[in-house]
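Colleague: Below is a structure I'd like to ask you about.
Coordinate-derived values only; no laboratory data. All of these numbers come straight from a predicted model, not from anything done at the bench. Glycine gets a Cβ as well: all are built from the backbone with ideal geometry, and neighbour counts include every protein chain shown.
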Amino acid sequence: MLKIVQVTTSCKDCPKRRYGSGGQYDCTAMDNAPLPADCVIPQWCPLPNHPGKLAAEAIAKADNTLAVTRQLRDAVASGNGSVEWTKSVLDQAVLDLEHWKNQMSAGA
Ligand code: SF4
């Protein structure tokens with residue numbers, strides 16, 4: 001299996017950019033929509049965002065979830081940890097995971 005990853009930080013470097021006419025470049029990925037003269041990638045660009053930042057956040061959240069799980073396991077094993085404390089730890093973990101899921105969905 002062959003995979004290609006390309007990173008574009010400017011329309012100028014994108015293979016979807018084509019010369020239109022009169023000095024104007026167009027985006028073939030968007031039905032030849034005219035591109036900004038400064039080549040800054042417009043908000044309407046259909047290319048997905050680079051996953052690097054999201055992947056780093058996912059790893060950080062996984063680490064946090066692992067730490068919370070270990071806290072709960074240790075509390076149960078030692079007989080410590082009230083129901084209120086356990087609920088507050090789990091509530092925070094759920095909030096963190098929901099926030100992360102929303103960010104991943106928005107970035108996908
Ligand atoms: S808008 Fe996006 S797809 Fe179109 S040329 Fe620019 S970077 Fe490429």
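Colleague: Along the Cα-to-Cβ line of Glu57, 7 Å from the Cα, sits a label point; which residues in the range 88-107 have backbone N less than 16 Å from it?
Modeller: Flagged as within label range: 95-107.
Colleague: Let me ask another. For a quick check: sort Leu90, Leu72, Leu66 by the number of other beta carbons within 10 angstrom, fewest at the front.
Modeller: Fewest-to-most ranking of Leu90, Leu72, Leu66: Leu66, Leu90, Leu72.
Colleague: Once the dipole of the range 1-104 is set up with Lys and Arg at +1 and Asp and Glu at -1 on Cβ about the Cα centre, which of Leu95, Thr65, Val76 lies farthest towards its positive end?
Modeller: Of Leu95, Thr65, Val76, it is Thr65.
Colleague: Using amide H atoms built in the peptide plane, which far-off residues or other-chain residues are under 5 Å from Ala33 H to H?
Modeller: Cys27
Colleague: If I model a spin label at Leu90 and Ala75 as a point 7 Å from the Cα along the Cα→Cβ vector, what separation in nanometres do I get?
Modeller: With each label point 7 Å from Cα toward Cβ, the separation is 1.0 nm.
Colleague: Using Cβ contacts closer than 10 Å as the measure, can you line up Val7, Val89 from fewest to most?
Modeller: Fewest-to-most ranking of Val7, Val89: Val7, Val89.
Colleague: Give the residue list of chymotrypsin sites (Phe, Trp or Tyr not before Pro) in the range 10-108 that are DSSP loop and have at most 10 other beta-carbon atoms within 10 angstrom.
Modeller: Loop-located and lightly packed - Trp44.
Colleague: While we're here: Determine ³J(HN,Hα), in whole Hz, for all residues of the range 41-47 in sequence, where each value follows from phi through the Karplus function 6.51 cos²θ - 1.76 cosθ + 1.60 and θ = phi - 60°; x replaces Gly and Pro.
Modeller: Taking θ as phi minus 60°, the curve returns 4, x, 4, 7, 3, x, 5 Hz for the range 41-47.
Colleague: If r is the Cβ-Cβ distance from Thr65 to Gln24 and R0 is 35 Å, what FRET efficiency results, to the nearest 0.05?
Modeller: Using R0 = 35 Å, I get an efficiency of 0.10.
Colleague: Helix 83-107: angle to the longest alpha-carbon principal axis of the chain, degrees 0 to 90, nearest 10?
Modeller: Around 10 degrees separate the two axes.
Colleague: Which of Asp96, Asp63, Asp31 comes first, and how do the rest follow, when ranked by fewest Cβ neighbours within 10 Å?
Modeller: Placing the least packed residue first, the sequence is Asp31, Asp63, Asp96.
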